[in-house]
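**Q** I have a structure I would like to understand better, so I am pasting it below and will then ask my questions one at a time.
Just so it is clear, none of the values below were taken in a lab; they were calculated from the coordinates. What you are looking at is a predicted structure, and each value in this text was computed from that prediction instead of being measured. Here Cβ is always computed from backbone atoms with ideal geometry, including for glycine, and neighbour counts include all displayed protein chains.
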Amino acid sequence: MRIFTDDQSQHTAASLLRRTAAIFYDTLLCIALLMVTTGLYMMIYSKIVGAETYASINESGQSINDPLLSSVLFLTLFSFFGYFWTRTGQTLGMQVWHIRIQNSDNTAISWTQALMRFMMAGISVCCLGLGYLWVLFDKRNRSWQCIFSDTQVVRIPKRKS
């Protein structure tokens, strides 16, 4: 497990505003990632079944609820977040806003914790963002994702050049 070497005494709980800004950045990246993934999926699928068959599947609307595509997109998104969270604790949006997900002992989270955070983030969104807004009510500024996965989101100081 990776241990972050920065001074933990300089960490503060990340504000809701910083978290929201990082989410906005990451949402833009994820939209692009999902578009590219969907394009690749469509190209591969049309090669497998044939262009004419694929065109008729699309025209009939059968591709709208494709469970394989949904699974591929889910795994793509989870892989994106899981990779960054378990390696550096930061997605690209989190790097810009100087926040990091970590364990309370200043170590990187595990893939299991990443999956728990990812799933709870979906639930938080389905509850109209209540899981994210929970940081305003929790004494330790934790969202539902933090509580469920036993992690924390901290603000880290800017790196000196």
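**Q** Take the Cα of D105, step 7 Å along the line toward its Cβ, and report every residue of the range 135-160 whose backbone nitrogen sits under 16 Å from that point.
**A** Answer for this model: 150-152.
**Q** Would you be so kind as to identify which of A13, F84, V96 lies farthest towards the positive end of the dipole of the chain, taking Lys and Arg as +1 and Asp and Glu as -1 on Cβ and the Cα centre as origin?
**A** Checked the options; the winner is A13.
**Q** Any idea how far the Cα center of the range 70-91 sits from the one of the range 4-29, in Å?
**A** Measuring centre to centre over Cα atoms gives 17 Å.
**Q** If you don't mind, there's one more thing I want to ask. So for the chain, taking the charge dipole from beta-carbon charges (+1 Lys/Arg, -1 Asp/Glu), which of M35, I48, I109 sits furthest toward the positive end?
**A** Highest projection toward the positive end goes to I109.
**Q** Quick test of the membrane-span-like rule: which DSSP H helices of the chain reach at least 27 Å along their long axis (C-alpha atoms) with mean Kyte hydropathy at least -1.0?
**A** Long hydrophobic helices here: 16-49, 67-87.
**Q** Using θ = phi - 60° and the Karplus form 6.51 cos²θ - 1.76 cosθ + 1.60, what ³J(HN,Hα) does each residue of the range 96-106 get, whole Hz, x for Gly and Pro?
**A** After applying 6.51 cos²θ - 1.76 cosθ + 1.60, I find 4, 9, 6, 10, 8, 9, 7, 7, 5, 8, 6 Hz.
**Q** With each label point set 7 Å from Cα along the Cα-Cβ vector, what nm distance links I48 and Q10?
**A** 4.9 nm
**Q** What size of dipole, in debye to the nearest 20, comes out for the range 8-161 about its Cα centre when the only charges are +1 on Lys and Arg C-beta atoms and -1 on Asp and Glu C-beta atoms?
**A** Once rounded to the nearest 20, the dipole reads 960 debye.
**Q** Provide the descending list of Cα extents for the range 25-87 along its principal axes, expressed in whole angstroms.
**A** 43, 20, 16
**Q** Over the residues of the chain, compute the C-alpha Rg and express it relative to 2.2 N^0.38 Å.
**A** Cα-based Rg divided by the globular estimate yields 1.23.
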